[in-house]
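The values are calculated or read from the model by the stated rules, or taken from the named source; none is laboratory data. Fair warning: this is a prediction, and the values are worked out from it, not measured in the lab. Using ideal geometry, Cβ is built from the backbone for each residue, glycine included, and neighbour counts are taken over all protein chains shown.
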Ligand code: FES
């Protein structure tokens with residue numbers, strides 16, 4: 001069984017934008033979701049489970065499964081399948097549970 005991605009970009013090569021993923025500069029199709037752009041570049045590991053650390057990747061592509069959570073420009077919990085890709089985005093894998101509120105960062109004090 002082939003491990004090649006089933007996803008093919010619809011945008012022409014001259015209609016692309018540049019984003020950063022985990023410090024890597026990527027040229028991705030424009031006018032698609034961030035999840036589609038990452039998959040088109042062969043990125044299949046976009047987050048790590050908060051429960052067991054297992055890698056996760058976009059699954060439903062319609063905002064239902066939350067498997068595509070990433071950090072965009074320092075902001076956690078972005079559903080990559082619902083976020084349009086835009087030039088200059090800095091994207092990181094979401095690792096574990098994201099802090100939901102500033103008072104949770106320091107624990108009990
Ligand atoms: S891929 Fe399921 S919510 Fe984004």
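Surrounded by 13 or more Cβ atoms within 10 Å (Cβ to Cβ) and at pLDDT 90 or above, is that true of residue 44? Before the answer, list the steps.
Details: surrounded by 13 or more Cβ atoms within 10 Å (Cβ to Cβ): yes; at pLDDT 90 or above: yes.
For residue 44, the condition - surrounded by 13 or more Cβ atoms within 10 Å (Cβ to Cβ) and at pLDDT 90 or above - is met.
(1) under 9 Å from the mean Cα position of the chain (by Cα); (2) surrounded by fewer than 14 Cβ atoms within 10 Å (Cβ to Cβ); (3) touching a residue at least 60 places away in the same chain (Cβ under 8 Å): which one isn't true of residue 21, the others all being true? In the conditions (1) under 9 Å from the mean Cα position of the chain (by Cα); (2) surrounded by fewer than 14 Cβ atoms within 10 Å (Cβ to Cβ); (3) touching a residue at least 60 places away in the same chain (Cβ under 8 Å), residue 21 misses (2) alone. Of all the criteria given as (1) in contact with a helix residue (DSSP H, G or I) (Cβ under 8 Å, 6 or more places away or on another chain); (2) more than 10 Å from the ligand (Cβ to nearest atom), the one not satisfied by residue 61 is (2). Cβ-Cβ distances below 9 Å connect the following pairs, each with a first residue in the stretch 54-71 that is more than 17 Å from residue 5 (Cβ to Cβ) and in a loop (DSSP other than H, G, I, E, B), a second residue that is at pLDDT 95 or above and more than 6 Å from the ligand (Cβ to nearest atom), and a separation of six or more residues or different chains: 62/82; 63/82.
Can you name the residue in the stretch 45-58 that is away from the ligand (no atom under 12 Å from the Cβ) and touching a strand residue (DSSP E or B) at 6+ places or on another chain (Cβ under 9 Å) and, of all such residues, is nearest to residue 27 (Cα to Cα)?
If we filter the stretch 45-58 for residues that are away from the ligand (no atom under 12 Å from the Cβ), which is where we start, we get 45, 48-55.
Of the ones still in play, those that are also touching a strand residue (DSSP E or B) at 6+ places or on another chain (Cβ under 9 Å) are 45, 48-50, 53-55.
On the way: 45: 17, 48: 24, 49: 27, 50: 29, 53: 28, 54: 27, 55: 23 Å.
If we take residues in the stretch 45-58 being away from the ligand (no atom under 12 Å from the Cβ) and touching a strand residue (DSSP E or B) at 6+ places or on another chain (Cβ under 9 Å), then 45 is nearest to residue 27 (Cα to Cα).
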